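Chemist: Have a look at this one before I ask anything.
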Amino acid sequence: MTKDIVKSHKFFKQLGFDTSIRGTESNPDIIFFRDEGTRIALYPLEELAKDVNEHNPPEIVRGFLGITLAYNAKSSEEVDTILKKAELAGTTIQKEPQKTDWGGYGGYFTDLDGYYWEIAYGDIWEFDDSNILIIEDE
């Protein structure tokens, strides 16, 4: 969900995301991310609200809604790199990278639409062949 799909596309490409567009570069309908281990799509916020309910779309609000997106890094150095790229691309770093209370390392930024992203690394994490974090029941 994005308020400015063209600016958001440019931003995520600056972070290194591999994307494909349906529509044109200057007026995309939707943007898909083809990054290993993730599947994300950007869709215009107003259009998403209409998709939920065409006759009575939900109100679009700003602020922290208790939802964050997460990028699971393979090293603490990768955390630093991603957060630096995000800052150079015009975001606000909300929490500088640091050791976490759960024994990992991470930080937060907000993207151009105000969504919070956690960039984190855990030295005990394992990834599958698609580079998706393996989460096992205890």
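Chemist: List the residues whose amide H sits under 5 Å from the amide H of Phe127, counting only those 5 or more places along or on another chain, with H placed 1.01 Å from N in the peptide plane.
Modeler: Ile134
Chemist: Which residue fluctuates most in the GNM of the chain (Cα springs below 10 Å): Asp113, Asp80, Asp18?
Modeler: Asp18
Chemist: Also, quick follow-up: Just the number, please: percent antiparallel of the DSSP beta bridges in the chain, rounded to the nearest 5. Provide the component values of the computation, followed by the final result.
Modeler: Working: 20 of 26 bridges.
In the chain, approximately 75 percent of DSSP beta bridges are antiparallel ones.
Chemist: If we count every other residue with Cβ under 13 angstrom of Gln14's Cβ, Lys/Arg +1 and Asp/Glu -1, where does the sum land?
Modeler: In short, +2.
Chemist: Relative to the compact-globule scaling 2.2 N^0.38 Å, provide the ratio for the alpha-carbon radius of gyration of the chain.
Modeler: On the way: Rg = 16.2 Å, N = 138, 2.2 N^0.38 = 14.3 Å.
The chain yields a ratio of 1.13.
Chemist: Can you tell me which of Ile30, Ile21, Ile124 moves the most in a GNM of the chain? Springs connect C-alpha atoms under 10 Å apart.
Modeler: Of Ile30, Ile21, Ile124, the Gaussian network model singles out Ile124 as fluctuating most.
Chemist: Taking only Cα atoms and a 10 Å spring cutoff, compute GNM fluctuations for the chain and point out the largest among Asp101, Asp123, Asp51.
Modeler: Of Asp101, Asp123, Asp51, the Gaussian network model singles out Asp101 as fluctuating most.
Chemist: Summing Lys, Arg as +1 and Asp, Glu as -1, what charge do residues with Cβ under 11 Å from the Cβ of Gly106 carry, Gly106 excluded?
Modeler: It works out to a net charge of -3.
Chemist: Further, regarding this structure: With contacts defined as alpha carbon pairs under 8 Å and 6 or more residues apart, what's the relative contact order of segment 1-72 in percent?
Modeler: Relative contact order comes out at 25 percent.
Chemist: Distance between Cα centroids, segment 14-36 to segment 107-126: provide it in whole Å.
Modeler: Centre-to-centre distance over Cα atoms comes out at 20 Å.
Chemist: So how do Ser76, Ser26, Ser8 rank on accessible area, 1.4 Å probe, biggest first, that is with the largest at the start?
Modeler: These residues rank, largest area first, as Ser26, Ser76, Ser8.
Chemist: Which whole-Hz couplings ³J(HN,Hα) result when phi for each residue of segment 100-113 is put into the Karplus expression 6.51 cos²θ - 1.76 cosθ + 1.60, θ = phi - 60°, listed in order with x for Gly and Pro?
Modeler: Result, ordered by residue: 9, 6, 9, x, x, 8, x, x, 9, 9, 10, 7, 5, 9 Hz.
Chemist: Counting Lys +1, Arg +1, Asp -1, Glu -1, what net charge surrounds Ser76 among other residues with beta carbon under 12 Å of its beta carbon?
Modeler: Working: positive: Lys74, Lys99; negative: Glu77, Glu78, Asp80, Asp123.
Cβ neighbours under 12 Å give a net charge of -2.
Chemist: In segment 11-56, which trypsin sites (Lys or Arg not before Pro) are in a loop and have at most 11 other Cβ atoms within 10 Å, using DSSP for the loop call?
Modeler: Numbers: sites: Lys13, Arg22, Arg34, Arg39, Lys50; in loops: Arg34, Arg39.
Filter output for segment 11-56: Arg34, Arg39.
Chemist: When the dipole is taken about the Cα centre of segment 63-109, and only Lys, Arg (+1) and Asp, Glu (-1) are charged at their Cβ, what size is it in debye, to the nearest 20?
Modeler: 60
Chemist: Here's something else I'd like to know. Given contacts defined as C-alpha pairs under 8 Å and at least six residues apart, what's the relative contact order of the chain, whole-number percent?
Modeler: 21
The values are calculated or read from the model by the stated rules, or taken from the named source; none is laboratory data. Please read all numbers here as calculations on a predicted model, not as lab measurements. No Cβ is skipped: glycine too gets one built from the backbone with ideal geometry, and neighbour counts run over all protein chains shown. Just the protein is used for accessible areas: all its heavy atoms, side chains included, with ligands, DNA and RNA removed. Shrake-Rupley method; radii C 1.70, N 1.55, O 1.52, S 1.80 Å.
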